[in-house]
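Have a look at the structure below, then the notes.
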Amino acid sequence: MKNRVAYFGVFTALALIFSYVETLIPISFGIPGVKLGLANLIIVIALYKMKLKEAYLLSVVRVLLSGLIFGNYFSILYSLAGGLLSLTVMAFLKKRDGYSIMGISIAGGVCHNIGQLAVAAFVVETFHVFYYVPVLLIAGSATGLLIGILAGHMLNRLVNIQF
Amino acid sequence: MKMEWKKKDILLIIVIFAVAFLAYYLHEMIGTKGAGSVTVKVNGVIEGSYSLGEDQEIEINGGTNRLIIKNGKADMEAADCPDKLCVNQKAVSKNGESIICLPNKVIVEVESSENGEFDAVTN
């Protein structure tokens with residue numbers, strides 16, 4: 001499709017905007033490190049609407065850009081690990097039939113957290129951070145479920161657009 | 001896009017929660033065994049540091065307070081102050097927990113041998 005580059009730009013912009021909107025939401029879940037992950041909404045949609053290669057590229061581009069704009073070197077590292085692991089697992093589950101978009105998004109949310117925690121353990125050079133695993137698993141499931149439901153509704157409205 | 005739950009979704013969620021609870025219990029069981037130490041300060045001056053690993057009785061401040069370490073926990077057993085707040089406080093064992101006796105200016109603080117619970121926070 002000839003509009004591919006334009007669509008990719010729009011998706012990137014959307015992901016960035018969602019990253020920004022997320023920083024504006026003052027909701028704290030009372031647990032450090034837990035956030036909604038609105039930008040992942042775009043990644044989930046890209047997973048269903050784009051080629052997998054482009055979804056990966058989108059994930060990397062959005063992490064690099066939002067990291068440079070809103071974060072720092074370490075936040076890029078964390079997000080990259082989380083984002084890539086999350087996308088890989090989601091793509092894997094999507095290929096195997098039998099999962100709804102909610103299930104796939106939940107797996108993605110959980111893996112996002114696990115990827116970040118793995119980098120954290122590596123950076124801090126202690127496995128002690130893994131006491132945090134239960135919290136992040138539950139939190140990842142909750143945010144993943146929310147993102148999955150949102151993505152499902154959005155895909156229903158984007159049904160006429162194919163990239 | 002059908003927004004219906006499928007069997008494998010439920011299975012996935014059950015597995016995630018099972019792993020979460022398992023990890024929680026594993027941490028509860030292993031995490032508390034790592035013996036730390038307590039630092040005793042009187043009037044801001046460090047009087048001594050004692051391991052939580054061995055059971056012992058410590059006389060603090062020339063005998064105004066008595067601290068007992070047993071089963072990896074430190075508990076103030078006696079104090080000559082009138083309010084006995086520190087005596088009534090629960091035993092401490094985890095990093096950062098403390099027992100404070102204000103009248104005698106005694107502070108007992110746990111320093112776990114492992115790193116603090118929050119090494120890094122990202123947002």
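The values are calculated or read from the model by the stated rules, or taken from the named source; none is laboratory data. Please read all numbers here as calculations on a predicted model, not as lab measurements. Because the Cβ atoms are built from the backbone with ideal geometry, glycine has one as well, and the counts that use them run over all protein chains shown.
Is it fair to say A:Leu41 is out of contact with any helix residue (DSSP H, G or I) (no Cβ under 9 Å at 6 or more places or on another chain) and not hydroxyl-bearing (Ser, Thr, Tyr)?
The answer is no for A:Leu41.
State whether one or more residues within region A:91-112 are more than 27 Å from A:Lys51 (Cα to Cα) and buried (at least 17 other Cβ atoms within 10 Å of the Cβ).
Within region A:91-112, not a single residue is more than 27 Å from A:Lys51 (Cα to Cα) and buried (at least 17 other Cβ atoms within 10 Å of the Cβ).
Can you tell me which residue among B:Ile68, B:Ile10, B:Ile107 is within 14 Å of chain A (Cβ to nearest Cβ) and either surrounded by 13 or more Cβ atoms within 10 Å (Cβ to Cβ) or part of a helix (DSSP H, G or I) (or both)?
Among B:Ile68, B:Ile10, B:Ile107, only B:Ile10 is within 14 Å of chain A (Cβ to nearest Cβ) and either surrounded by 13 or more Cβ atoms within 10 Å (Cβ to Cβ) or part of a helix (DSSP H, G or I) (or both).
Out of curiosity, is A:Thr88 modelled with pLDDT of 95 or more and surrounded by fewer than 18 Cβ atoms within 10 Å (Cβ to Cβ)?
It is true that A:Thr88 is modelled with pLDDT of 95 or more and surrounded by fewer than 18 Cβ atoms within 10 Å (Cβ to Cβ).
Condition test on A:Leu14, is it free of Cβ contacts under 8 Å to residues at least 40 places away in the same chain, surrounded by 14 or more Cβ atoms within 10 Å (Cβ to Cβ) and touching a helix residue (DSSP H, G or I) at 6+ places or on another chain (Cβ under 9 Å)? Reasoning before the result, please.
Values: free of Cβ contacts under 8 Å to residues at least 40 places away in the same chain: yes; surrounded by 14 or more Cβ atoms within 10 Å (Cβ to Cβ): yes; touching a helix residue (DSSP H, G or I) at 6+ places or on another chain (Cβ under 9 Å): yes.
So A:Leu14 fits the description; yes.
For B:Gln56, which of the numbered conditions (1) in contact with a strand residue (DSSP E or B) (Cβ under 7 Å, 6 or more places away or on another chain); (2) at pLDDT below 85; (3) polar (S, T, N, Q) fails to hold?
(2)
Could you tell me which numbered condition A:Phe18 fails, if it satisfies all but one of (1) within 12 Å of chain B (Cβ to nearest Cβ); (2) touching a Leu at 6+ places or on another chain (Cβ under 8 Å)?
With respect to (1) within 12 Å of chain B (Cβ to nearest Cβ); (2) touching a Leu at 6+ places or on another chain (Cβ under 8 Å), A:Phe18 is out only on (1).
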